[in-house]
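Visitor: What follows is a structure written as structure tokens; I'll ask about it next.
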Amino acid sequence: MKESNQVNQLKRKRFKIKSSPPDIVFDVIKIVVLVVSIVLVILPILNIVALSLSNGYRNPQVTIIPLGFTFASYGHVLSELAFLQAFGNSVLATVVVTIASNLFMSMAAYPLSKSDCPFKKGITTVFIVTMLFSAGIVPSYLLMVALHLTNNIWSVILISINNVYSILLYKSNFLGIPSEIEEAAKIDGANSIQLFLIIIIPLCLPVFASCVFFSIVGTWNSYGAALMYIDSAHTSQQPLALYLYRMLGNTDKNTSDEWLITNKSNIEAATLIISVIPVLLVYPYIIKYVKSGLTLGSVKE
Amino acid sequence: MEKMTDSTNEEVAAVSEDAVSAKKKNVKIDPVTGQVVRGFWQEELHRLKKHRSIIWFVLPALSLVILFGYVPMVGMLIAFRSKFNVYMGGGIAGAWASGTWSLENFALIATDPRIGLALKNTLLINFFGLLITFPLPIICALLLADIKSAAMSKFVLIVLCLPNFLSWTMTVGIWANVMSPTDGMLNNFLCDIGILKEPFDFFGSNPWFKPLVIFLKVWKGTGWSSIIFYAAIASIDKSFFEAATLDGASKFQKILWITLPTIVPVIGLQLIMTVTYIMSVGLEQLMAMYTAETKHEQFTVDTYLYEISIQDKTNAPLATVLGIVNGLIALFLMLGGNAISKKLLRTSLW
């Protein structure tokens, strides 16, 4: 017993270990912080779900249990033309951007992943410069005007297809494919398109999957580009995220319908909930593929 | 063994083939390696021929990047034309023709009366935002990494990452609802326990606006940002921790002397990326948080640019010039930060 004490003292001297709070302090802090953060995330979300299912209650307040349970707000949202148009626009934008962006960016990454790719440095630089520097709002807006794409959902679609970051991601993943596999496929008579679609994409499925999921969520949620190119007079062209922004900003009460006034916050809550459903459908897959190394640190020459 | 001879045979065959074709075309051959010596353009052309079946794969992405990345950069030249007004009609050609070469637009930055407020708000939010939003994900990752049960850590991860995938409108909608002065859960609670005498309008309050911006950034981003640190911690060799445990190190000491020093490169890279966006608070968040009462607090570089170029279309020259300066600042911060990280941490963004 004495000996072990001496050994411990020696160790403390050698490593200059100062006295520090015991592990139990750390564990208590850990549990408290994590429980509080989980509650902070879940509680507001449950609150808005409860509100969307409530019936025009302002007082007493809705907490996490709906008061006067009803789906009427959802029914109202789903019967609104502007909402349905916006939802359709967002579906169109998300589908086109996800497919086009991931196809084009991975295609560009494929030749760049070859060590003897012609003009490799030049092409890579051309891509990376746009990641580092952008011209700003006005020149981009003028370009959209010149292309006659303002107030058109396609302006948002076209500008969102570019994603240089995913080129880098795909490139670093293609580097890991053994060249023997490609040569074998070539000997079997595959042309370059078949090779890419049938051999390369399935081999890099995890990175394709995660990039696809991120495209879906990113396109669905963002409204910055739409805010630039689609003005408030063209509601038939706006994506859902822009519709939500304008809904939350809209404070005028120019309606005579009593139900609409008392249920305003319930309808807004229901709109938000419906708009988040596609994201929730994709979310489990995102978490699943998080561990496939989606970090900028892994993107290297 | 067999494999080796196979590959050397192949190499020899390839080299001699090269040599044969070289003889036909009178190309120089390096006497030591036996490979063909080519100039830069010859080499690139040779590679182009070799990869002609796949090199066109870059064309769709390249043309999009040129159209939406480089054409606007040419359009930036309009900032050097005097008295242009792009909204007068006639599009860019009309705006171009209306002036002469001049630098007067850049003087607008110095004389504009509102730009000071925009800069002040932007830098204040981003400076205090950085102080709070940067360390929190690291702390969160340290706590996450200490959870023993795999199922538990997965559950915590799924919950804490969720807000990152909600849009800014959703995030602001959720919290505006919770904090609402008329029927909000938070005000109700604070009044019940006696902290507040009457409901308080958090989103409509000027002194609370900046803290609220930072709070929403924390709520939305902390869980997801911690993933990258969490992954870095998970990749540390477990034997370090075991040895430290044997030496009697506590959890705090292990974090201080093993975990943090090991993930310093990751922390450095993340810091560079965050500092790069110092001039931007995020247009989507600020626009979603807009209220008439707090418009002076919400007034930042992002919203000012948006207002004068798109929303009210009042000052396109200033917006163009500001956009260029903004882009250059971000570029220099990124390049400078990357150079520092290359030197100090031996890691680079690309």
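The values are calculated or read from the model by the stated rules, or taken from the named source; none is laboratory data. Because the structure is predicted, anything quoted here is derived from the model rather than measured. Cβ placement follows ideal geometry from the backbone for every residue including glycine, while neighbour counts extend to all protein chains displayed.
Visitor: Considering the stretch A:175-197 alone, what residues qualify as being away from chain B (no Cβ under 11 Å) and either within 27 Å of the chain's Cα centre (by Cα) or at pLDDT 90 or above (or both)?
Guide: A:Leu175, A:Gly176, A:Leu197
Visitor: Considering only residues that are of a type in the set (Gly, Ala, Ser) and surrounded by fewer than 18 Cβ atoms within 10 Å (Cβ to Cβ), which ones fall in the stretch B:34-83?
Guide: B:Gly34, B:Gly39, B:Ser53, B:Ser63, B:Ser82
Visitor: Just checking, which of B:Gln311, B:Gln270, B:Gln285 is within 9 Å of chain A (Cβ to nearest Cβ), in contact (Cβ under 8 Å) with a residue 60 or more places away in the chain and polar (S, T, N, Q)?
Guide: Checking each option against the conditions leaves just B:Gln270.
Visitor: Does B:Thr222 count as over 30 Å from B:Ala292 (Cα atoms) and assigned to a helix (DSSP H, G or I)?
Guide: no
Visitor: Taking the stretch A:27-39 as the region of interest, how many residues are under 24 Å from the mean Cα position of the chain (by Cα) and more than 7 Å from chain B (Cβ to nearest Cβ)?
Guide: Within the stretch A:27-39, residues that are under 24 Å from the mean Cα position of the chain (by Cα) and more than 7 Å from chain B (Cβ to nearest Cβ) number 1.
Visitor: Which residues, taken from the stretch A:124-150, are outside any helix (DSSP H, G or I) and either over 21 Å from A:Val95 (Cβ atoms) or outside the structural domain of A:Gly88 (by TED's automatic domain parsing) (or both)?
Guide: A:Phe133, A:Ser134, A:Ala135, A:Gly136, A:Leu147, A:His148, A:Thr150, listed by residue number.
Visitor: Yes or no: the stretch B:135-157 includes at least one residue that is part of a loop (DSSP other than H, G, I, E, B) and either at the interface with chain A (Cβ under 10 Å from one of its Cβ atoms) or in contact (Cβ under 8 Å) with a residue 12 or more places away in the chain (or both).
Guide: Looking only at the stretch B:135-157, we keep the residues that are part of a loop (DSSP other than H, G, I, E, B), and these are B:146-149.
Okay, now just the ones that are also either at the interface with chain A (Cβ under 10 Å from one of its Cβ atoms) or in contact (Cβ under 8 Å) with a residue 12 or more places away in the chain (or both), so B:146-147.
Checking the stretch B:135-157: at least one residue is part of a loop (DSSP other than H, G, I, E, B) and either at the interface with chain A (Cβ under 10 Å from one of its Cβ atoms) or in contact (Cβ under 8 Å) with a residue 12 or more places away in the chain (or both).
Visitor: Right, here's the next one. What are the residues in the stretch A:189-233 that are in contact (Cβ under 8 Å) with a residue 12 or more places away in the chain, touching a Leu at 6+ places or on another chain (Cβ under 6 Å) and not hydrophobic (A, V, I, L, M, F, W, C), if any?
Guide: A:Ser210, A:Tyr223 - these are the residues of the stretch A:189-233 that are in contact (Cβ under 8 Å) with a residue 12 or more places away in the chain, touching a Leu at 6+ places or on another chain (Cβ under 6 Å) and not hydrophobic (A, V, I, L, M, F, W, C).
Visitor: Next question. More than 28 Å from the chain's Cα centre (by Cα) and exposed (fewer than 15 other Cβ atoms within 10 Å of the Cβ) - does that describe any residue in the stretch A:201-216? Give the derivation first.
Guide: Kept after step one, since they are more than 28 Å from the chain's Cα centre (by Cα), are these residues of the stretch A:201-216: none.
No, the stretch A:201-216 has no match at all.
Visitor: If you take the residues in the stretch B:334-350 that are at the interface with another protein chain (Cβ under 10 Å from one of its Cβ atoms) and under 15 Å from the mean Cα position of the chain (by Cα), which one is surrounded by the most Cβ atoms within 10 Å (Cβ to Cβ)? Give the derivation first.
Guide: Looking only at the stretch B:334-350, we keep the residues that are at the interface with another protein chain (Cβ under 10 Å from one of its Cβ atoms), and these are B:334-335, B:338, B:347-350.
Subset that is under 15 Å from the mean Cα position of the chain (by Cα): B:334-335, B:338, B:348-350.
Values: B:Met334: 19, B:Leu335: 14, B:Asn338: 19, B:Ser348: 15, B:Leu349: 21, B:Trp350: 12.
Selected residue: B:Leu349.
Visitor: Say we look at the stretch A:235-263 and pick out the residues that are more than 14 Å from chain B (Cβ to nearest Cβ) and at pLDDT 85 or above; which of these is nearest to the chain's Cα centre (by Cα)? Walk me through it before giving the result.
Guide: Step one: filter the stretch A:235-263 for residues more than 14 Å from chain B (Cβ to nearest Cβ), giving A:235-237, A:254-260.
If we keep only those that are at pLDDT 85 or above too, we end up with A:235-237.
Numbers: A:Thr235: 24, A:Ser236: 24, A:Gln237: 22 Å.
The selected residue is A:Gln237.
Visitor: Determine whether B:Gly116 is away from chain A (no Cβ under 12 Å) and surrounded by 16 or more Cβ atoms within 10 Å (Cβ to Cβ). Please lay out each step first, then the result.
Guide: On the way: away from chain A (no Cβ under 12 Å): yes; surrounded by 16 or more Cβ atoms within 10 Å (Cβ to Cβ): no.
It is false that B:Gly116 is away from chain A (no Cβ under 12 Å) and surrounded by 16 or more Cβ atoms within 10 Å (Cβ to Cβ).
Visitor: Name the helices (runs of 4 or more DSSP H) wholly within the stretch B:241-350 that hold at least 3 residues that are hydrophobic (A, V, I, L, M, F, W, C)? Don't jump to the end; show me each part of the working.
Guide: On the way: elements: B:251-254, B:264-276, B:283-288, B:301-306, B:316-344.
Filter on the stretch B:241-350 gives B:264-276, B:283-288, B:316-344.
Visitor: Among the listed residues B:Leu160, B:Leu190, B:Leu144, B:Leu166, which satisfies the condition of being surrounded by fewer than 21 Cβ atoms within 10 Å (Cβ to Cβ) and of a type outside the set (Ser, Thr, Tyr)?
Guide: B:Leu190
Visitor: For A:Phe119, state whether it is surrounded by 14 or more Cβ atoms within 10 Å (Cβ to Cβ), within 28 Å of the chain's Cα centre (by Cα) and either within 8 Å of another protein chain (Cβ to nearest Cβ) or closer than 30 Å to A:Thr262 by Cβ (or both).
Guide: Taking the combined requirement at face value, the residue does not satisfy it.
Visitor: Can you pull out the residues in the stretch A:94-110 that are at the interface with chain B (Cβ under 9 Å from one of its Cβ atoms) and without any contact (Cβ under 8 Å) to a residue 12 or more places away in the chain?
Guide: A:Leu103
Visitor: Here's something else I'd like to know. Here are A:Leu132, A:Leu147, A:Leu78, A:Leu84: which of them is within 8 Å of chain B (Cβ to nearest Cβ) and surrounded by fewer than 22 Cβ atoms within 10 Å (Cβ to Cβ)?
Guide: Answer to the check: A:Leu132.
Visitor: I'm told B:Asp201 meets every condition in (1) assigned to a helix (DSSP H, G or I); (2) of a type in the set (D, E, K, R); (3) farther than 19 Å from B:Thr262 by Cβ except one. Can you identify the failing condition by its number?
Guide: (1)
Visitor: Let me ask something additional. With the checklist (1) assigned to a helix (DSSP H, G or I); (2) in contact (Cβ under 8 Å) with a residue 12 or more places away in the chain; (3) over 24 Å from A:Tyr141 (Cα atoms) in hand, flag the one item A:Ile177 doesn't pass.
Guide: Failed condition: (1).
Visitor: Any residue in the stretch A:112-123 that's on the phi > 0 side of the Ramachandran plot: show its pairings with residues that are among the acidic types (Asp, Glu) at Cβ separation under 8 Å, as long as the two are six or more apart or on different chains.
Guide: A:Phe119/B:Glu44
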